[in-house]
1. Filter region 339-368 down to the residues that are among the basic types (K, R) and in contact (Cβ under 8 Å) with a residue 40 or more places away in the chain, then identify the one that is farthest from L392 (Cα to Cα).
2. Of (1) of a type outside the set (S, T, Y); (2) over 18 Å from A395 (Cβ atoms); (3) touching a Gly at 6+ places or on another chain (Cβ under 9 Å), D154 satisfies all except one. Which?
3. Any chance you could count how many residues in region 305-319 are farther than 15 Å from Q292 by Cβ and assigned to a loop (DSSP other than H, G, I, E, B)?
4. Which members of region 188-207 meet the condition of being part of a helix (DSSP H, G or I) and at pLDDT below 90?
5. Specify the residue that is surrounded by the fewest Cβ atoms within 10 Å (Cβ to Cβ); the eligible residues are those in region 143-175 that are closer than 12 Å to T40 by Cβ and of a type in the set (G, A, S).
6. Return the pair list, or none, for Cβ contacts closer than 6 Å from residues in region 284-307 that are more than 21 Å from A342 (Cα to Cα) to residues that are crowded, with 18+ Cβ neighbours inside 10 Å and not hydroxyl-bearing (S, T, Y), at least 6 apart or on different chains.
7. State all residues of region 376-397 that are at pLDDT 95 or above and either touching a Lys or Arg at 6+ places or on another chain (Cβ under 7 Å) or closer than 23 Å to L238 by Cβ (or both); if no residue qualifies, say none.
Amino acid sequence: MFLDTGEMTMAAEGRLASSTRRTLLALFACGLALDTSIGTWLGARGTPSLTTSLALGLPLLLPAVWHILSGRRLRRVPPAFLSMAAFVGWCALSTIWATQSDDSALVTTLTRVQLLAVVWMGYQLARSDRDLRALLAGYVLGCVALVALAWRNDLLGVSDVWNRYAADGFDPNDMAMYLALGIPMTGYLAGSAGPGRRMRLLYLAYVPLALSGVALSGSRTGGIAAVLAVAALLFAMLLRSRAGWALTVAALVSGGLVALPRLPSASLDRILSLGAPGGEAAGLRERDRIWQAGLEVLPEHLVGGVGAGGFGNAVLPYTGQQVLAHNTGLSVAVELGLVGVALFFAAFAMVLWRARRSGLDARILAWSILATCLVGTQALTWEHRKPLWLVLLVAMVAAELQPSDAPAHS
């Protein structure tokens, strides 16, 4: 049976639309990985900017609008999304009882509404294994650019006050976490049967490259998260095939031999000194003092918290200055109480529960990327950062993939 001209045209248009959608998904994820540098280049200087938001959001917004206007069927969102939506709604309610006198509660809520919208649009567009791989490949490509920028700054001697290197505009700790999150993603890309052997090796080359970027950053928490991600990757490769595991080990060893002699010794020493307090303001002793202040405030606002965005103001009497929590769980607890904590972490727990029905690769991706994120955010305030919400999106899409959706291993 042959297709008539009209059917062939419709099929070609469908393929073109799918290809365009995946290209835009990849472009969006690439921009997200570079968001802070892009904001710096556009003059944002660490503050929210309409120009930056448009530059980062348009690759996702345009296909989402087209998807809706063309009458395409919308996906029913999973329970994890509903839990995160309830979390954002609780943020909005917290503006009623917020203890701070400024508008930080409203600003924080609006930011999370935007992030929730991004997750919804991404979930509507990324419906298949190929869509997911486009999203992951774009993010990994952006992380490669991050590493290149960090190495450039190392060569130019452009560092922060503690001789740690990062991409333009990035805090070294944040950049290290961006790179660590790319490791489970590249593991999924390398493990699928889509790429050939050369492409798999190219994907795996990201791992030592990312580790070199983490080493340049001197981030101890990022180093722990990256090691966990690598361990999960090695375990996943061993489950798939011994040849894939050997290839991964070879990529790690060869990359390490090339990068280690060129890394600044100060950065490596800092990562390896996990038990020693640093001299910088965000060192282990300083963070311990901040965490203690947060625990002092928490019992006074146990159920509803002090209001979204109010952590710094709440701990001011104890720390003498407005500071970030340097711990995502504690930040959510102090600002939004036990209700906020339950809604926030329930979203990630629901994703993992739903992922049990997916194929092996999708389950490994969901578990490893969430574990990496959980470990890394123990020393970062990330409930408002884009990569954390991208992690939720990636895990949601992976959890909805049926075993038959992914290509069989070759």
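The values are calculated or read from the model by the stated rules, or taken from the named source; none is laboratory data. Every value quoted in this text rests on a predicted model; they were computed, and no experiment measured them. Note: ideal-geometry Cβ built from the backbone for every residue, glycine included; neighbour counts use all protein chains shown.
1. Step one: filter region 339-368 for residues among the basic types (K, R), giving 354, 356-357, 363.
Checking which are in contact (Cβ under 8 Å) with a residue 40 or more places away in the chain leaves us with 354, 357.
Working: R354: 13, R357: 17 Å.
The qualifying residue farthest from L392 (Cα to Cα) is R357.
2. (3)
3. 6
4. Filtering region 188-207 for residues part of a helix (DSSP H, G or I) gives 188-191, 197-204, 206-207.
Once the filter is applied, which keeps residues that are part of a helix (DSSP H, G or I) and at pLDDT below 90, region 188-207 yields A190, G191, R197, R198, M199, R200, L201, L202, Y203, L204.
5. Applying the filter and picking the extreme gives G169.
6. R287/H326; I290/V323; I290/H326; A293/V315
7. V394, A395
Table: residues versus (1) modelled with pLDDT of 90 or more; (2) among the β-branched types (V, I, T); (3) not in a helix (DSSP H, G or I).
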{"site": "G46", "(1), (2), (3)": "no, no, yes"}
{"site": "R73", "(1), (2), (3)": "no, no, yes"}
{"site": "R76", "(1), (2), (3)": "yes, no, yes"}
{"site": "V88", "(1), (2), (3)": "yes, yes, no"}
{"site": "C91", "(1), (2), (3)": "yes, no, no"}
{"site": "V107", "(1), (2), (3)": "yes, yes, no"}
